[in-house]
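**Student:** Just passing along the structure, written as structure tokens.
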Amino acid sequence: MTKIIACLLASTAISAWSQEERCIAVETYCDKMAAGWLGQIAGVCWGAPTEFKWNDEIIPLAKIPHWTPEMINQAFDQDDLYVEMTFLRTLEEHGLDASMRQAGIDFANSEYKLWCANDAGRKNLRRGIAPPASSHPRYNSRGNDIDYQIEADFAGLISPGLPNSVIRLGEKFGRLMNYGDGVYGGQFMGALYAEAFFTTNMQQIIAAGLAAIPEKSQYAEMVRDLVRWHQENPHDWQDAWRLCLKKYRRDAAYQKASNGGIDVRINGAAILLGLLYGQSDLDQTIIIACRAGWDSDCNPSSAAGVLFTTRGRSQLPARFTEKLDTQKKFSYTAYAFPDLLNVCERLARQIVVQQGGRIDMRAGKPYFIIPVQRPKPSAHVVTWAPGHCGDERFTPEEYAQIRFKPHPADISDPDPTTRVQAALTQLFLDPMGNATWTTSPNGPDMNPGYREDYLGRKDVLVTHPLNSQTGVTLTKTFTVPMGAACLNITLANSRGGDFRFRAKINGKEVISCKIGDQNTPEARWQTIPIALHEYGGQKITVELINQPDGWKNEAAYWGAIEIK
């Protein structure tokens with residue numbers, strides 16, 4: 001049976017790819033895109049009172065709120081709407097080719113409260129960990145959470161019929177906070193929207209979404225399971241729900257790196273329950289996706305967004321549109337509803353052309369002429385056995401653009417180098433007030449990082465050599481102000497330990513001296529001047545080294561690095 005379903009899904013997608021182009025009037029596109037947003041808004045408002053109140057149990061029908069037209073205006077403070085508008089703003093302000101790092105800077109500067117993968121990813125960005133490392137399991141344990149799945153709607157709504165645009169946007173924005181299935185869930189959702197502009201056939205829409213993600217992923221396996229269970233028993237969504245619970249909540253093989261009911265796969269299953277068993281009925285699709293439980297406002301929001309897109313705004317019942325406040329802006333955004341539609345149309349026009357399409361006039365109306373794409377899914381990775389993580393860090397210039405930086409005391413990362421970099425960035429600024437010092441790798445001994453106080457001095461940085469031969473080097477390149485006399489370094493040794501302090505300017509050693517004495521249990525602060533007068537107006541590279549010397553309590557305590 002599984003092979004039969006796979007063949008059906010494949011044949012659906014291949015028949016679409018056999019065409020060369022599809023077209024849609026820009027007017028029709030805008031009508032459907034507006035409906036997609038209205039579906040999200042209606043779904044999240046309807047399900048909001050039930051969110052996470054029923055986990056691993058079906059919500060009783062009597063507990064589902066009754067929809068009233070006024071409820072549509074309860075969406076302006078919903079995170080699964082305003083977060084994705086942050087991503088739209090990045091594209092609007094910086095263009096379609098805005099880098100992932102720029103997206104990370106913009107996300108780091110957002111002011112709203114976040115949870116789960118979003119919160120973990122943004123904290124990493126604010127600590128200076130650049131994407132995609134901000135979502136890598138080395139730094140982020142929430143990679144399989146639902147977050148990008150509930151925020152990827154925008155990617156499909158600005159990429160009509162263009163799954164590779166959706167995939168690309170997922171690589172740019174989804175990897176700020178998610179990894180593996182957490183990214184694929186968003187790319188799947190975006191691809192559903194992209195296809196929903198051209199068909200009302202839900203099997204074809206789901207096939208298009210499935211084709212946009214790695215077939216070996218557990219998320220793709222979940223989609224295939226839902227399609228199969230629906231075909232085997234198309235009238236009993238609760239039976240399919242029980243099968244989902246058994247496999248995707250209680251089977252240990254599908255709980256690796258899972259964070260319970262916020263997991264992307266079980267919530268993706270809830271969306272599909274609505275889309276498959278709702279039989280294209282707007283109310284029933286929302287109600288089933290909601291009654292499935294877990295994130296029971298975001299899931300009906302996603303399901304309704306896709307289904308409403310197939311209809312178009314002009315074909316929606318008035319109860320979903322008539323009371324919408326079109327003047328009020330979504331929280332933390334520049335967009336009221338008409339603004340949102342305008343920016344999506346502008347971006348869609350750009351994306352269609354970027355992806356090899358064009359805009360033609362036919363009978364006096366503009367049409368999108370869209371090339372049919374064979375999707376090229378992202379590489380397959382899994383959160384519980386992640387691939388290589390590069391040590392991506394924002395450059396000093398990039399990090400200076402991030403307005404909200406954590407206090408070093410709030411950094412509890414197990415990686416000592418991460419803790420040292422966070423403290424270094426916050427504590428020691430260059431003459432222009434920029435945080436530009438960087439650290440080489442630190443060893444874990446003696447808990448390097450931030451200290452609230454040491455030997456009577458507040459806000460202290462602790463470094464520790466990587467090993468008995470390799471010291472820690474703090475490096476900065478800067479232009480020496482005219483008239484600067486010296487760079488003062490205030491250092492202390494550990495109690496009962498010592499190290500050698502070395503300093504280089506442009507690769508030439510200018511100081512080498514011992515700090516502390518193994519034979520003296522006391523420790524003390526001392527300030528070491530490095531002459532700079534001969535470099536006035538010149539750009540130099542300074543290296544300050546905590547060099548091991550005897551390998552006993554080799555940590556260095558840095559109290560100040562300042563130009564006098």
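**Student:** I need a count of the residues in the range 542-564 that are surrounded by fewer than 19 Cβ atoms within 10 Å (Cβ to Cβ) and part of a loop (DSSP other than H, G, I, E, B).
**Tutor:** 5
**Student:** Among the candidates Glu27, Glu57, which residue alone is in a helix (DSSP H, G or I) and of a type in the set (Asp, Glu)?
**Tutor:** The unique qualifying residue is Glu27.
**Student:** Still on this model: As an exercise: evaluate Pro214 against (1) free of Cβ contacts under 8 Å to residues at least 24 places away in the same chain; (2) surrounded by fewer than 22 Cβ atoms within 10 Å (Cβ to Cβ) and give the number of the one condition it does not meet.
**Tutor:** So Pro214 meets the others, but not (1).
**Student:** Here is a follow-up. Working only within the range 486-510, note down all residues that are charged (D, E, K, R) and within 14 Å of Gly471 (Cβ to Cβ).
**Tutor:** Residues satisfying the conditions are Asp498, Arg500, Arg502, Lys504, Glu509.
**Student:** Listed residues Gln354, Gln315; which is loosely packed, with under 13 Cβ neighbours inside 10 Å and assigned by TED's automatic domain parsing to the domain that holds Gln218?
**Tutor:** Gln315
**Student:** Take the conditions at pLDDT below 95 and on the phi < 0 side of the Ramachandran plot and apply them to Ala42. Does it pass?
**Tutor:** no
**Student:** Right, here's the next one. Residues to consider are Lys123, Lys113, Lys32; find the one that is more than 18 Å from Ala336 (Cβ to Cβ) and surrounded by fewer than 18 Cβ atoms within 10 Å (Cβ to Cβ).
**Tutor:** It is Lys113.
**Student:** Let me ask another. Run down Asn178, Asn144, Asn140 and say which single residue is closer than 22 Å to Arg265 by Cβ and touching a strand residue (DSSP E or B) at 6+ places or on another chain (Cβ under 6 Å).
**Tutor:** Checking each option against the conditions leaves just Asn144.
**Student:** Give the residues of the range 264-293 that are of a type in the set (A, V, I, L, M, F, W, C) and in a loop (DSSP other than H, G, I, E, B), sorted by residue number.
**Tutor:** Within the range 264-293, just Ala292 meets the criteria.
**Student:** Then there is this: Given the residues Leu341, Leu282, which is the only one that is over 25 Å from Pro65 (Cβ atoms) and hydrophobic (A, V, I, L, M, F, W, C)?
**Tutor:** Criteria check complete, one pass: Leu341.
**Student:** Of the numbered conditions (1) touching a His at 6+ places or on another chain (Cβ under 9 Å); (2) at positive phi, Gly95 fails exactly one; give the number of that condition.
**Tutor:** (1)
**Student:** Oh, and also: Residues in the range 402-452 that are surrounded by fewer than 14 Cβ atoms within 10 Å (Cβ to Cβ) and either at pLDDT 80 or above or under 24 Å from Glu111 (Cα atoms) (or both): how many?
**Tutor:** Going through the range 402-452 one residue at a time, the tally reaches 9.
**Student:** How many of the residues in the range 351-401 are in a loop (DSSP other than H, G, I, E, B) and under 24 Å from Arg168 (Cβ atoms)?
**Tutor:** So the count comes out to 24.
**Student:** Taking the conditions exactly as written (of a type in the set (D, E, K, R), closer than 30 Å to Ile369 by Cα and outside any loop (DSSP other than H, G, I, E, B)), does Glu84 satisfy them or not?
**Tutor:** It is true that Glu84 is of a type in the set (D, E, K, R), closer than 30 Å to Ile369 by Cα and outside any loop (DSSP other than H, G, I, E, B).
**Student:** Check whether at least one residue in the range 501-508 is assigned by TED's automatic domain parsing to the domain that holds Ala422, over 26 Å from Thr395 (Cβ atoms) and touching a strand residue (DSSP E or B) at 6+ places or on another chain (Cβ under 9 Å), and report yes or no.
**Tutor:** Yes: one or more hits.
**Student:** Being exposed (fewer than 15 other Cβ atoms within 10 Å of the Cβ) and over 23 Å from the mean Cα position of the chain (by Cα) is the filter here, so list the residues in the range 50-61 that pass it.
**Tutor:** Once the filter is applied, which keeps residues that are exposed (fewer than 15 other Cβ atoms within 10 Å of the Cβ) and over 23 Å from the mean Cα position of the chain (by Cα), the range 50-61 yields Lys53, Asn55, Asp56, Glu57, Pro60, Leu61.
The values are calculated or read from the model by the stated rules, or taken from the named source; none is laboratory data. As the structure is a computational prediction, the values presented were derived from the model and not from experiment. Every residue, glycine among them, receives a Cβ derived from its backbone with ideal geometry; neighbour counts consider all protein chains shown.
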